[in-house]
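The values are calculated or read from the model by the stated rules, or taken from the named source; none is laboratory data. Just so we're clear, the structure is a prediction, and the values are computed from it rather than from any experiment. Every residue, glycine as well, gets a Cβ built from its backbone with ideal geometry; the counts of neighbours run over all protein chains shown.
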Amino acid sequence: MSAVLLIARRELGGYFRTMTGYIIAAIMLLADGIGFQLFGLGAGEMYSADVVSQFFWVLFGINAIGSIFISMRLIAEERTAGTLPLIVSSPIHDWELVVGKYLSALAFLAIVTLVTLYMPAMILVNGKVSFGHLAAGYLGVMLAGSAAIAIGTFGSALARSQVLAAIFTAIMLLVLVLAHLFARITDRPLKDMFMALALYARHFPPFQAGAIHLRDVVYYVALTYVALFAAVRVMEARRWK
Amino acid sequence: MIEVKGLTKYYGELAAIHDLDFSIERGEVIGFLGLNGAGKTTALKILGCVLLPTAGDVKVDGIDIARDPHEVRRRIGYLPDTPPLYNDMTVGRYLKFAAELRGVPSSEADKAVADAEEKTATREVHEQPIFSLSHGYRQRVGVAQALVHRPKLLILDEPTSGLDPVQIVEMRATIRALRGEHTVLLSSHILSEISQTCDRLLVIQRGEIVAQGSEQDLATKLGGGGTIEVEVAAPSARAIEVARTVTGIGECSVLHETGGVAVLSLIGPPELRPKVVRALVQNGIDVLRIDRGAARLESIFLKLTQDKGNGRSQ
């Protein structure tokens, strides 16, 4: 088995061997349910497509926040528990460690996200749902989740503790989510740059509406790549310290 | 097996180790001895490919650790000062994970785990979750993860740290059993453990090696030729008077004296023992016992570290 899968499998198992994984999943699903009821099903008369759109808006937000807590343990916990030397003294590359950790957290997020399928299914009771809309929405949610988890992996590589990792990740995600607000108060070319970086405002609404634009897919994939690349560099730099 | 030349590591402005030179032969059990903060852990982290050195050459099995750390990692097993254990896993699963991480194929991992558990006497906790293990078992599982992929070189940082006397004896036996099959480099500030387990000692102080050799070598070098311990059935003053007549014997002291029996420590090379016995017997003094009175390791260690400390500007 490759080192990436080996690390991902152990880490994913770690979420389910302890209560942490269940607690995070339960809180996220509860929040998803409450959000869906408040802004979707229970928000008055709406077209089914609008309810689905509201559902993905809620899912985006809860997944982004959940990603902070899912990813905070990835590398920071290894550091505090003193288990990192096992991995860094093994014949594996730093990128294999980082990608393995990232994949485990992404798989956990995917499992939690998959459980939310019952919510759009409930819309079917009194309305119609386009499966294309659902597919696009879930793709967007997972792409955005991937970027958030990658940023969390980077935050976890930087931090000495899980709490610090969560704080670093929350700050980075907040800056990216609010980037479109910075765009409003700046002039070009900064305005364009902030708008292009906006984690939600620029790139998620098309998915929410059921449209897949290559530009948005590339943005989330590129953000994932850059964050993982930075995490690998942090791990390499620690060997020099 | 290990060739170290000019190894230096700076943490910012602080030199944790400075210009270390030493070599270790295949199959040796070497003890890295030093006070806390002497630089042992830093040196072992570099040999374990966890840290990169600031300067110097380190070759493990002929491979440069800076140029090809990946290949070096295949040849080493590393136990840091805190065993790197995942509390949420069982011992068996953890060791299998460690084996596969170190490149043991999945099909052979179970056999490798069984062998490692056999060597470290951890078979009976195979199914036990790591969080429930005693400190002694945690250390042993730590050693097991270091040797599960059958590395040529084992690096053990303070393997007996925090163990009770019974567990220390068990750990010593475990390490001694590894002799020959593995080259072992272990560190400690527990002197008796080092002397009983290792073939050779490297004494490190303030990031520099201040002495190396066997316990006896160090004692001889420091004692200016060594010491002799002699037990006589006579008053100590009379025995000392006679012993001093032997050419080559310097200062004499009384270690203890009860019921007409005295134990003396004579400064002089151990080769003078026959002459000392002859002189004592010819003067009517019964010799009950005579032995190499090597300076005890604690005093050697203190002398080495204090001399070095006094010699440096603070």
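Some values worked out for this structure:
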{"read-out": "Set A:195, A:172: member being more than 30 Å from residue A:6 (Cβ to Cβ) and in contact (Cβ under 8 Å) with a residue 12 or more places away in the chain", "value": "A:195"}
{"read-out": "Of the criteria (1) among the hydroxyl-bearing types (Ser, Thr, Tyr); (2) buried (at least 23 other Cβ atoms within 10 Å of the Cβ); (3) more than 14 Å from chain A (Cβ to nearest Cβ), which one residue B:134 fails", "value": "(2)"}
{"read-out": "Which numbered condition residue A:7 misses (of (1) touching a Pro at 6+ places or on another chain (Cβ under 9 Å); (2) under 21 Å from residue B:48 (Cβ atoms))", "value": "(1)"}
{"read-out": "Scope the range B:52-76; condition outside any loop (DSSP other than H, G, I, E, B) and at the interface with chain A (Cβ under 8 Å from one of its Cβ atoms); matching residues", "value": "B:70, B:71, B:73, B:74, B:76"}
{"read-out": "Conditions (1) over 15 Å from residue B:80 (Cα atoms); (2) assigned by TED's automatic domain parsing to the domain that holds residue B:27; (3) touching a residue at least 24 places away in the same chain (Cβ under 8 Å); number of the one not met by residue B:169", "value": "(3)"}
{"read-out": "Residues of the range B:120-131 satisfying the condition of being hydrophobic (A, V, I, L, M, F, W, C) and either under 20 Å from residue B:74 (Cα atoms) or within 11 Å of another protein chain (Cβ to nearest Cβ) (or both)", "value": "B:130, B:131"}
{"read-out": "Evaluation of residue B:98 against (1) among the hydrophobic types (A, V, I, L, M, F, W, C); (2) touching a Leu at 6+ places or on another chain (Cβ under 7 Å); (3) at pLDDT below 95 (one fails), failing number", "value": "(3)"}
{"read-out": "Residue A:209 vs. criteria touching a helix residue (DSSP H, G or I) at 6+ places or on another chain (Cβ under 7 Å) and at pLDDT below 95", "value": "yes"}
{"read-out": "Residues of the range B:101-126 satisfying the condition of being surrounded by 19 or more Cβ atoms within 10 Å (Cβ to Cβ) and without any contact (Cβ under 8 Å) to a residue 40 or more places away in the chain", "value": "B:101, B:109, B:112, B:113, B:116, B:117, B:122, B:125"}
{"read-out": "Count - residues of the range A:200-241 that are assigned to a loop (DSSP other than H, G, I, E, B) and within 14 Å of chain B (Cβ to nearest Cβ)", "value": "3"}
{"read-out": "Matching helices (runs of 4 or more DSSP H) fully within the range A:1-103 where at least 1 residues are more than 27 Å from residue A:176 (Cβ to Cβ) and within 14 Å of chain B (Cβ to nearest Cβ)", "value": "A:3-17, A:19-36, A:76-81, A:84-88"}
{"read-out": "Condition check for residue B:60: over 30 Å from residue B:133 (Cα atoms), β-branched (Val, Ile, Thr), assigned by TED's automatic domain parsing to the domain that holds residue B:133 and surrounded by 19 or more Cβ atoms within 10 Å (Cβ to Cβ)", "value": "yes"}
{"read-out": "Pairs, first loosely packed, with under 12 Cβ neighbours inside 10 Å in the range A:108-133, second outside any helix (DSSP H, G or I) and of a type in the set (Gly, Ala, Ser), C-beta under 9 Å, six or more apart", "value": "A:132/A:210"}
{"read-out": "Residue B:185 vs. criteria within 14 Å of chain A (Cβ to nearest Cβ) and farther than 25 Å from residue B:89 by Cα", "value": "yes"}
{"read-out": "Selection within the range A:116-159 - over 16 Å from residue A:214 (Cα atoms), part of a helix (DSSP H, G or I), within 20 Å of the chain's Cα centre (by Cα) and among the hydrophobic types (A, V, I, L, M, F, W, C)", "value": "A:119, A:134, A:148, A:149, A:150, A:151, A:154, A:157, A:158"}
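Condition check ((1) part of a helix (DSSP H, G or I); (2) away from chain A (no Cβ under 14 Å)) across all residues:
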| residue | (1), (2) |
| --- | --- |
| B:85 | no, no |
| B:92 | yes, no |
| B:99 | yes, no |
| B:103 | no, no |
| B:108 | yes, no |
| B:113 | yes, yes |
| B:118 | yes, yes |
